[in-house]
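Participant: Dropping a structure here in structure tokens format, bear with me for questions.
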Amino acid sequence: MTISLLVSAVLSVLTPVGPRNYESCTSIIELDPEGGLDYAEAWQGEGGGAQARHCTAIALIALDKPASAGAILARLAEEEVFDPGVSARLYLQAAEALMSGGRKEAAFRALRGAYEKAPDTPEVHMSAAVIYATAEEWEGVILTLDALARFADLSSDAFALRGRAKFELERYVEASRDVSDALALDPYLVDAIVLRGDLLNEGISIPNDPFTAPKE
């Protein structure tokens with residue numbers, strides 16, 4: 001698992017301490033996660049602060065220990081009091097890691113923390129939709145993507161994800177409209193193509209289906 005959110009915005013307020021640095025830490029993790037974890041923990045012992053702890057979380061994720069990483073990220077989010085946006089991103093990272101580690105309730109607590117820090121924002125809605133989908137909380141997927149649509153046009157991935165949620169809730173006609181919109185934006189999107197096949201198996205036609213030859 002990798003953290004999907006950009007870390008640069010987080011790092012802008014996590015000031016490094018001592019001779020070690022975040023770039024070196026993450027570079028080591030890419031080559032040797034165990035070595036990166038040792039580096040990060042040593043850095044913490046030298047007073048590396050929040051950056052060192054964040055790098056420790058990255059190393060734990062690389063070592064397939066997302067629940068432990070999520071706990072660190074959630075604590076960093078709680079401690080970030082100066083920038084709500086950074087705190088929200090840390091909470092989202094924590095929620096993603098915790099969900100990957102099977103800590104569903106803890107993941108949802110972190111997600112609530114993100115909404116408290118940055119309510120009704122596109123980044124939080126899209127990330128929340130993916131987290132809800134991982135938990136197979138399909139109503140949550142639909143609600144968050146509907147909220148996202150109030151701020152911006154949905155991407156092909158977002159349409160496909162919302163369509164999948166509606167399919168799982170047996171709202172097939174609505175799902176067919178979402179998959180149609182997804183394919184209109186990206187006719188080669190794998191998730192949309194798979195969903196199209198599932199809908200056809202249920203006897204549901206796809207509006208403006210790009211894979212159906214026009215009748216002459």
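The values are calculated or read from the model by the stated rules, or taken from the named source; none is laboratory data. Just so we're clear, the structure is a prediction, and the values are computed from it rather than from any experiment. Glycine also receives a Cβ, built like all others from the backbone with ideal geometry; neighbour counts cover every protein chain displayed. We work out accessible area using only protein heavy atoms, side chains counted, and drop any ligands, DNA or RNA first. Shrake-Rupley method; radii C 1.70, N 1.55, O 1.52, S 1.80 Å.
Participant: Kindly list, by first and then second residue, each pair from a residue in the range 190-210 that is under 11 Å from Tyr172 (Cα atoms) and in contact (Cβ under 8 Å) with a residue 12 or more places away in the chain to a residue that is among the β-branched types (Val, Ile, Thr) and part of a helix (DSSP H, G or I), limited to pairs with Cβ atoms under 7 Å and residues at least 6 apart or on different chains.
Facilitator: Leu195/Val179; Arg196/Val179; Leu199/Val179; Ile204/Val173; Ile206/Val179
Participant: Any idea which of Ala114, Ala106, Ala110, Ala94 is at pLDDT 95 or above, farther than 22 Å from Leu63 by Cα and outside any loop (DSSP other than H, G, I, E, B)?
Facilitator: On the way: Ala106 fails: farther than 22 Å from Leu63 by Cα; Ala110 fails: farther than 22 Å from Leu63 by Cα; Ala94 fails: farther than 22 Å from Leu63 by Cα.
Ala114 is the lone residue from the list that is at pLDDT 95 or above, farther than 22 Å from Leu63 by Cα and outside any loop (DSSP other than H, G, I, E, B).
Participant: So the check is Cβ under 7 Å with 6+ separation or different chains; which pairs have a first residue in the range 152-181 that's farther than 17 Å from Met126 by Cα and a second one that's aliphatic (A, V, I, L, M) and open to solvent by 20 Å² or more (accessible area, probe 1.4 Å)?
Facilitator: Tyr172/Ile204; Val173/Ile204; Ser176/Ile204
Participant: Related question: Could you tell me which residue of the range 34-87 is least open to solvent (accessible area, probe 1.4 Å), considering only residues that are without any contact (Cβ under 8 Å) to a residue 60 or more places away in the chain and not in a helix (DSSP H, G or I)?
Facilitator: This residue is Gly48.
Participant: If you take the residues in the range 158-205 that are of a type in the set (Asp, Glu) and open to solvent by 10 Å² or more (accessible area, probe 1.4 Å), which one is nearest to Glu139 (Cα to Cα)?
Facilitator: In this case the residue turns out to be Glu168.
Participant: Do you know which residues across the range 15-29 are surrounded by fewer than 21 Cβ atoms within 10 Å (Cβ to Cβ) and either at pLDDT 95 or above or under 22 Å from Ala67 (Cβ atoms) (or both)?
Facilitator: Thr26
Participant: For the range 88-140, give me each residue that is crowded, with 24+ Cβ neighbours inside 10 Å and under 14 Å from Ala67 (Cβ atoms).
Facilitator: Gln93, Ala94, Ala95, Glu96, Ala97, Leu98, Met99, Ala107, Ala110 - these are the residues of the range 88-140 that are crowded, with 24+ Cβ neighbours inside 10 Å and under 14 Å from Ala67 (Cβ atoms).
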